[in-house]
Structure formats: structure tokens, C-alpha cells
Amino acid sequence: MEISVVVPTFNRLSTVSRSLELLFAQEAPRGSFEIIVVVDGSTDGTAEALRRLKPGCSFRVIEQENRGLAGARNTGYRAAEGKLVLFLDDDMMCDSRLIDVHLAAHKGENRTVVFGALFLSPDSLQNLAAECFKREIGRIHLESASGCGAKWQETDCVFSNTSVPKKLLEEFGGFDEGFRMREDLELGYRLFKAGVKPKYITNAIAYQFYDKSSADLIRDAERFAKADLLFAQKHPEAEIEGQIAWLKGAGRGKTRLVKLAASYPRLTDAILAPVCGLGEHWFNVLLLRHAAIRALLFRRRVHWLHTILELAPDALKPMA
């Protein structure tokens, strides 16, 4: 067994079923990989339905109480029989050579984390949230794949479509389950700080089916804020762009504007939510769509900062 593919899932039976169809059809030799689905407290019958599947490769379903993504990934890698662990999300549609490419990337390496490319699935919802994905995570991968963008950064690490030697995960204790968000960044920071080498490969391709809404992104921003405070407390020395320690030194006008707006998030929403609504309704009107995306990105940043200042009023004090 060369590699174990770990797929955490929570109440997304139809989505994970689609992803597994493509995983079962991988070109890698059947005996070289196993697939482990960790059902993280689902109540939609996921575990029962998946156990009825009969793929041609080794396949296991593990059930547990809901512990979040970090907890599900930890359960998966600890149960893995492969020397390598490939983490995939339950909404990722993979290229048929994905496992082979990850395996090849680790040849001759023993302290390397391999990050694959992640693009938006063509059948994702056409909405503002998906456009935000394209401008952020999607842009990083598109520019890296074309060779025209900035070099892929260690801080861009997302442990989805990512393979790691199991021994490394055991050495570093896996994901910190105190993080319900940013568990990727936190583990990556520990690994790279200790000298583990990141390796980005453009031909290990997965397509993410994105079904979030604008409201989901606003809620996620507030959850990210809580995780970013936890990250700052655990790693106060880490000056990562966009994170709290980095923002303490930021005195630019745009940052000040966001801070002012964060004092009145309801007012900000009252002004900008209609812009988002127009852009969503008239999605094919380019000018409205661009304005709505900018409004949504700003609202998300405002909610992130508002939550930070609510929970820790002095967290960004030098920014004042």
C-alpha cells in the first residue's frame, strides 16, 4: 500500500458519492492505494450508503462524532496503511491520474509536502461566492499553472489535494483539533518552520464543486476571525500576510477604512447588501457583477475584523 486517500465528509452524501466515483476510477494500480472516508457525525445516512459500495480498490468508511475537519483528517491519517496520505475534500472531482502524479512527486523525497492544483468545478453554482473563489484560491492556482503569477507561497497551503508522508504527520501530531478553521495554515506553519519542504505541482488536478452562498462567506469570515485569534495566540511570532501579527504594522488608508466600517457592520451591510443583491440577480451584467463582488469582499473583511475587535479589542491596537 503506497498511499491512503483520506476524504472527510459531513452531511453531504450526494456530493461525496460523486467524488468517490472519480476516485474509484483512478489509473493507479488497484493495490497501490486505499480510500478512507471519515464520516464526521453525519445524520443523513452517509455511512450506511457508502458501506454498500463495492469499488475495485481498498475502501473503508469510518464513523465518528462530529469533531470538525481537523479531527476527521486526524482520524483518517491515523487509520491509514499507506506510507503517504493524500487529503481530499468531499466536494473535489479528481483527474484520473491524480494519485499517480502525487506518488511520482514524492519519489526521492521524505520530508516534503506536495500541494496539487485546485480549480473551480464547471458545474459549480454561478454566483458571487463562486466568483470570490476564482479571485482568491482559484487565482493562485491559475497563475501558478500558467507561470505568469507570483511564486506559490508556503502560506497559500490548503490541505486539500495535498499529500504528506504519514511519518511526518505522526512526528508533528497532525492537525490541531482546537482549530475549526485555519487548521491547514497552522499545520503548514509548524511543518515549514521545522524545515519541511513544500512542493507545488500543477499536474495534480482537482476541481472543487462550490455550492456556497454570499451569506455562507460572511459566516465563514466570522469563524475565520476566531481561528485567526487562536493562531495569533499560539504563534505570536508568525508574521503572515493577512494575519493579525502582520496587520498590527499596517497603517494604510484602506485598512483604516475597514476598521472604521467594522465598528458599524450593520450599517455597512445595509449599504452594501443591496449591491450584492443586484449583482446576484443581474449576474450576467459584467459591471454589476464586478461591483457586487467588490462589495462582498469588503463586507466579508468587515465582519472578520468586527469579530476580531469584539473578541479581543486590543488585538490590532498598533493599527490605530
| query | Using alpha-carbon pairs under 8 Å, 6+ residues apart, how would you state the relative contact order of segment 214-319 in percent? | reply | 37
| request: Assuming a ≥ b ≥ c are the square roots of the Cα gyration tensor eigenvalues, decide whether segment 88-227 counts as rounded (a/c under 1.5), prolate (otherwise, with a/b larger than b/c) or oblate. | output: oblate
| aspartates and glutamates within cross-link reach of LYS317: Cα-Cα under 19 Å, excluding same-chain residues under 8 positions apart? | ASP228, GLU237, GLU239, GLU241
| request: Taking the chain as the reference, fit the longest principal axis to its C-alpha atoms, fit the long axis of helix 68-79 to the helix C-alpha atoms, and give the angle between the two in degrees, 0 to 90, nearest 10. | output: 20
| said: For LYS212, give me every one of the lysines with a C-alpha distance below 30 angstrom, ignoring sequence neighbours fewer than eight places off in its own chain. | reply: LYS134, LYS151, LYS199, LYS226, LYS234, LYS254, LYS259
| field | Cα-projected label distance for LYS197 with ARG51, points at 7 Å along beta-carbon direction, nm | value | 4.3
| query | What residues qualify as long-range amide H neighbours of VAL113, i.e. H under 5 Å apart, gap of 5 or more or another chain, H built at 1.01 Å from N? | reply | LYS197, LYS199
| Projected onto the charge dipole of segment 164-320 (+1 at Lys/Arg Cβ, -1 at Asp/Glu Cβ, origin at the Cα centre), which of LEU257, TRP304, PHE172 gives the Cα projection farthest towards the positive end? | LEU257
| message | To test your reading of the geometry: what angle, between 0 and 90 degrees and rounded to tens, separates the Cα axis of helix 183-193 from the longest principal axis of the chain? | response | 80
| said: Please give me the summed charge of the neighbours of ASP100: other residues whose Cβ is under 13 Å from its Cβ, Lys and Arg +1, Asp and Glu -1. | reply: 0
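Coordinate-derived values only; no laboratory data. If you're wondering where the values come from, they're calculated on a predicted model, not measured in any experiment. Note that we place each Cβ from the backbone using ideal geometry, even for glycine, and neighbour counts take in every protein chain shown.
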